[in-house]
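Worksheet: one structure, shown below.
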Amino acid sequence: MTAATEDVVALLKADYRRVEEMFSTLDALDDSKLVDYFCHVREELVRHETAEELVVYPAFRRNVPGGDFVADACIAEQSEAEETLARFERHGDEPVVLRAGLLQLRRDVRAHAQHEEEEVFPALEAHIKVRDLQELAKRYAKALESAPAHTHPHAPETPPGNVVLAPIEAVRDRIRDAMKSSA
């Protein structure tokens, strides 16, 4: 199935399965591979968070009674994870520190995923029509493609600020990564 035939809940669940697979390798990972592993985890999580903030939570707010409260709680959970990512992006070269941060991040992401699977996904499915969930899947997939790859913990997390800044941050991240790889 593709984003054209799947609904957004199926895409989100697939994201969580992919992240869980990544986290399942952490315990056995050699210290020399931690920085590359962190970069991969960071990119996956930041793209996911950004796409949710751009597509999923606004739809949740519009369509689900009490959606503002739940969306705010989810965004707060993601903000904590982004703060952790940002801290280790700046200061996480030491393997012991980086591993501890990744273990904490794994716990936080698992708790966030459980929260969404138990509360957010059922509410989306109950209050949004199937064809609209499929349209959200298309928008979510596009948002993933154009989302930033690095943390921007001080950037806006809700419209209109995130809608305007996310693409700019993504371009800046790609330029920064290209400059690092050519150096």
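The values are calculated or read from the model by the stated rules, or taken from the named source; none is laboratory data. The shown structure was predicted, so the numbers you read here are calculated from the model rather than taken from an experiment. Don't worry about glycine lacking a Cβ; one is built from the backbone with ideal geometry, like all the others, and counts go over all protein chains shown.
Report, by residue number, each residue of the range 92-116 that is among the hydrophobic types (A, V, I, L, M, F, W, C), loosely packed, with under 14 Cβ neighbours inside 10 Å and at pLDDT below 90.
VAL96, ALA100
Show the residue pairs that are 6+ apart or on different chains and have beta-carbon atoms under 7 Å apart, the first residue being within the range 76-88 and within 17 Å of LEU102 (Cβ to Cβ), the second being at pLDDT below 80 and among the β-branched types (Val, Ile, Thr).
From the range 76-88, the pairs are GLU82/THR151; LEU85/THR151; ALA86/THR151.
Mind listing just one residue for me: the one in the range 69-91 that is over 15 Å from HIS115 (Cα atoms), in contact with a helix residue (DSSP H, G or I) (Cβ under 7 Å, 6 or more places away or on another chain) and acidic (Asp, Glu) and, of those, surrounded by the most Cβ atoms within 10 Å (Cβ to Cβ)?
Filtering the range 69-91 for residues that are over 15 Å from HIS115 (Cα atoms), in contact with a helix residue (DSSP H, G or I) (Cβ under 7 Å, 6 or more places away or on another chain) and acidic (Asp, Glu), the one surrounded by the most Cβ atoms within 10 Å (Cβ to Cβ) comes out as GLU82.
Just checking, does the range 63-75 include any residue being in contact (Cβ under 8 Å) with a residue 24 or more places away in the chain, farther than 20 Å from ARG131 by Cβ and aromatic (Phe, Trp, Tyr)?
no
Which of the helices (runs of 4 or more DSSP H) found entirely inside the range 76-146 contain at least 2 residues meeting this: of a type in the set (D, E, K, R)? So that I can check it myself, show each step before the final result.
Working: elements: 95-115, 121-127, 130-146.
Fully inside the range 76-146 and qualifying: 95-115, 130-146.
Exactly one condition in (1) touching a helix residue (DSSP H, G or I) at 6+ places or on another chain (Cβ under 9 Å); (2) in contact (Cβ under 8 Å) with a residue 40 or more places away in the chain is not met by GLU44; state its number.
So the condition that GLU44 fails would be (2).
Considering the range 101-141 alone, what residues qualify as being within 17 Å of ARG62 (Cβ to Cβ) and hydrophobic (A, V, I, L, M, F, W, C)?
Those that are within 17 Å of ARG62 (Cβ to Cβ) and hydrophobic (A, V, I, L, M, F, W, C): VAL120, PHE121, ALA123, LEU124, ALA126, ILE128, VAL130, LEU133, LEU136, ALA137.
Among the candidates VAL64, VAL19, which residue alone is touching an Asp or Glu at 6+ places or on another chain (Cβ under 7 Å), surrounded by 15 or more Cβ atoms within 10 Å (Cβ to Cβ) and modelled with pLDDT of 90 or more? Spell out the reasoning first.
Working: VAL64 fails: touching an Asp or Glu at 6+ places or on another chain (Cβ under 7 Å).
Exactly one of VAL64, VAL19 is touching an Asp or Glu at 6+ places or on another chain (Cβ under 7 Å), surrounded by 15 or more Cβ atoms within 10 Å (Cβ to Cβ) and modelled with pLDDT of 90 or more, namely VAL19.
Does any residue in the range 21-38 that is assigned to a loop (DSSP other than H, G, I, E, B) come within less than 9 Å, Cβ to Cβ, of a residue that is of a type outside the set (A, V, I, L, M, F, W, C) six or more places away or on a different chain, and which pairs are these?
Matching pairs, first to second residue: THR25/TYR37; LEU26/TYR37; LEU26/ARG99; LEU26/ARG106; LEU29/TYR37; LEU29/ARG99.
Can we say VAL46 is closer than 24 Å to GLU20 by Cβ, buried (at least 21 other Cβ atoms within 10 Å of the Cβ) and not charged (D, E, K, R)?
Against the criterion (closer than 24 Å to GLU20 by Cβ, buried (at least 21 other Cβ atoms within 10 Å of the Cβ) and not charged (D, E, K, R)), VAL46 qualifies.
Out of curiosity, is VAL46 under 24 Å from LEU136 (Cα atoms), outside any loop (DSSP other than H, G, I, E, B), among the β-branched types (Val, Ile, Thr) and at pLDDT below 90? Can you show your working first?
Numbers: under 24 Å from LEU136 (Cα atoms): yes; outside any loop (DSSP other than H, G, I, E, B): yes; among the β-branched types (Val, Ile, Thr): yes; at pLDDT below 90: yes.
Spelling it out, VAL46 is indeed under 24 Å from LEU136 (Cα atoms), outside any loop (DSSP other than H, G, I, E, B), among the β-branched types (Val, Ile, Thr) and at pLDDT below 90.
Give me a count of the residues in the range 51-69 that are within 16 Å of the chain's Cα centre (by Cα) and among the small types (Gly, Ala, Ser).
1
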